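Encoded as structure tokens, the structure appears first; notes follow it.
No value in this document is a laboratory result; all are computed from the given coordinates. The structure presented is a predicted model; accordingly, all values stated were derived computationally and were not measured. Cβ coordinates were reconstructed from backbone atoms using ideal geometry, including for glycine residues, and neighbour counts include every protein chain displayed.
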Amino acid sequence: VNDRDAALTKLREAFPDGAIDKLPKGINKEQPKSRCDICGGFHEPARIHLDYVGHAAVTERLLDADPAWMWEPVAWMEDGRPLLDVDDKGRPVGLWIKLTVSGVTRLGYGTVEAGKTEPTKELIGDAIRNAAMRFGVALELWRKHSDADSASVSTRGKQVSGAGASNGSGAASKAQIGKIHATCKEREVGEEFMRAIVASKWPESEGHLSKVTKAQASELIDFLTTAADERLDELASRLMGAQDAKA
Ligand SMILES: [Zn+2]
């Protein structure tokens, strides 16, 4: 077993109970807030609490596996800051990152509710947790979430339901493909551009939606829905420009 394999195996180890927190889901905002005995928070009644591993414990695990682990944004703005996806009011809602552990790099996407006070911090934490999940960090908990929470429509729920291997690895559903086409139309993303996005995100798909998994399809829908116009423009010039250059 070489160092890289040892590090990647370390990432997948189960977490001790002490590292597992409770996240309230399915909150009923019509009801008053109160102190919660389950998670210790102060919130309206929740339908369910999910087990999850927070950003600090994930970071500790990354350090244990590879003290030199690092992340970087997938794209930068001209002034040198990470490029964030924003909503139509310009509020940060998403961040793509590359996470590198022991020389292996995988992508992750973080989301945050629009209008949070420290959106960038939350985006970084969420993106690292998401990318770490691609390495198998706390994968069992993510899988449980996708079973317990597949009906959730919150931002995090979408991410979670797209994350589970149990329902994310099959081919994209007809409904998902329909949604992708509809969203493309809405965002004025042409067929060729959409294929280029798919091919750049998942090279093994060769740009064919028929070769995209459920989890990838839900990621793509999230991206097409939330990406800022400028982000799409930038991507178009990069991907389509590159294609022109090749031809
Ligand atoms: Zn609670």
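Brief remarks on what is shown
- Summed side-chain charge close to Ala171 - residues other than Ala171 whose Cβ falls under 9 Å, Lys, Arg +1, Asp, Glu -1: +2
- Global geometry of segment 1-53, whether rounded, prolate or oblate, following the gyration tensor of its Cα atoms and the 1.5 cut on a/c: prolate
- Cα gyration tensor shape for segment 1-103, rounded if a/c is under 1.5, else prolate or oblate: oblate
- Taking Asp17, Asp51, Asp37 in turn, the Gaussian network model of the chain (Cα-Cα springs below 10 Å) assigns the largest fluctuation to Asp37.
- The relative contact order of segment 1-115 comes to 21 percent, based on Cα pairs under 8 Å that sit 6 or more residues apart.
- Near Asp3, once Lys and Arg are set to +1 and Asp and Glu to -1 for all other residues with Cβ below 11 Å from its Cβ, the sum equals 0.
- Gyration tensor (Cα) of the chain, equivalent ellipsoid semi-axes in angstrom: 29, 23, 18
- Equivalent ellipsoid semi-axes - Cα gyration tensor, segment 72-113, angstrom: 22, 13, 5
- Largest mean-square fluctuation among Pro92, Pro73, Pro16, in a Gaussian network model of the chain whose springs join Cα atoms under 10 Å apart, belongs to Pro16.
- Under 20 Å from the Cα of Lys214 - lysines, other chains or at least 8 residues apart: Lys144, Lys158, Lys174, Lys179, Lys201
- Rounded to the nearest 20 debye, dipole of the chain from Cβ charges on Lys, Arg, Asp, Glu: 560
- Entries in Lys98/Lys211; Lys25/Lys98; Lys89/Lys121; Lys29/Lys116; Lys33/Lys121; Lys25/Lys116 that, when Cα-Cα distance is taken, lie over 21 Å: Lys98/Lys211; Lys25/Lys98; Lys33/Lys121
- Relative contact order computed over the chain (Cα-Cα under 8 Å; 6+ residues apart), in percent: 14
- Among Leu224, Ala56, Asn28 - extreme Cα towards positive end, dipole of the chain, charges at beta-carbon: Asn28
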